[in-house]
Amino acid sequence: MALILCLETATTNCSVALSEDGILLALKEDNNNNYSHAEKLHVFIDEILKENNLSVADLDAIAVSKGPGSYTGLRIGVSTAKGLCFSLDIPLISIATLASLAAQVEMEKGFVIPMLDARRMEVYSAVFDKELHEIRETKAEVLDENSFVDYLEKNKTAFIGNGVEKFKAICTHSNAKFITGKLPSAREMCSLVEAKYKISDTEDVAYFEPYYLKDFIAG
């Protein structure tokens, strides 16, 4: 049985989940617009283990959301995950942030497009089919009324994430479904990380870095 700690810090949602064989055992998260990651992440880790009568020594792997997303949030999550893996000598597994965000959506047909706010009219996005296979890679792109029209013309398309409000304001296509108020969560990482754990799809702890997609801009 694989006991894996999942960390999601790519947005304002500081989220920690504990999974066993891909099944969610426990979840703690706090969506604080002030980015509470530095204060909350280690507290959540300690609490979730103690409440399940476990210690870090019981963990088989650590999973972390790799980005894209907040530069500071990603640094905190990845640094914490790497520190635990180093000290415990266990594998590090990374999960694409947009993949776990897309996993919050169930579609009988069509496409899922997770999008995260990247300032102004820009978003980070990727495209998934209804089975949540990635069919277009992650990009940083500026939205306009013709964005994603190739997918919208083909079938129903669900948009999810904190970049959705921007697109909802300019997209009037009848095939568009907008899912607002959602952020990436460690909850959806559980099944994704189990699949990677089974095939030993792990990262080099020494050299792994977050997937920032864009350079850091101060301010």
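The values are calculated or read from the model by the stated rules, or taken from the named source; none is laboratory data. Just so it is clear, the model here is predicted, and its values are computed rather than measured. No Cβ is skipped: glycine too gets one built from the backbone with ideal geometry, and neighbour counts run over all protein chains shown.
Residues are listed down the side, and each one gets a yes or a no for (1) farther than 21 Å from residue 195 by Cα; (2) within 18 Å of the chain's Cα centre (by Cα); (3) polar (S, T, N, Q):
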site: 35; (1), (2), (3): yes, yes, no
site: 40; (1), (2), (3): yes, yes, no
site: 51; (1), (2), (3): yes, no, no
site: 55; (1), (2), (3): yes, no, yes
site: 71; (1), (2), (3): yes, yes, no
site: 74; (1), (2), (3): yes, yes, no
site: 83; (1), (2), (3): yes, no, no
site: 87; (1), (2), (3): yes, no, yes
site: 95; (1), (2), (3): no, yes, no
Determine which member of the set 73, 77, 69 is in a loop (DSSP other than H, G, I, E, B) and either at pLDDT below 95 or crowded, with 21+ Cβ neighbours inside 10 Å (or both).
69
Taking the criterion of being surrounded by fewer than 17 Cβ atoms within 10 Å (Cβ to Cβ), under 20 Å from the mean Cα position of the chain (by Cα), modelled with pLDDT of 95 or more and not in a helix (DSSP H, G or I), would at least one residue in region 156-173 satisfy it?
no
Can you name every residue in region 174-210 that is of a type in the set (Val, Ile, Thr), part of a loop (DSSP other than H, G, I, E, B) and in contact (Cβ under 8 Å) with a residue 40 or more places away in the chain?
202, 205
Any chance region 37-50 includes a residue that's within 14 Å of residue 187 (Cα to Cα), surrounded by fewer than 18 Cβ atoms within 10 Å (Cβ to Cβ) and either assigned by TED's automatic domain parsing to the domain that holds residue 124 or not basic (Lys, Arg) (or both)?
no
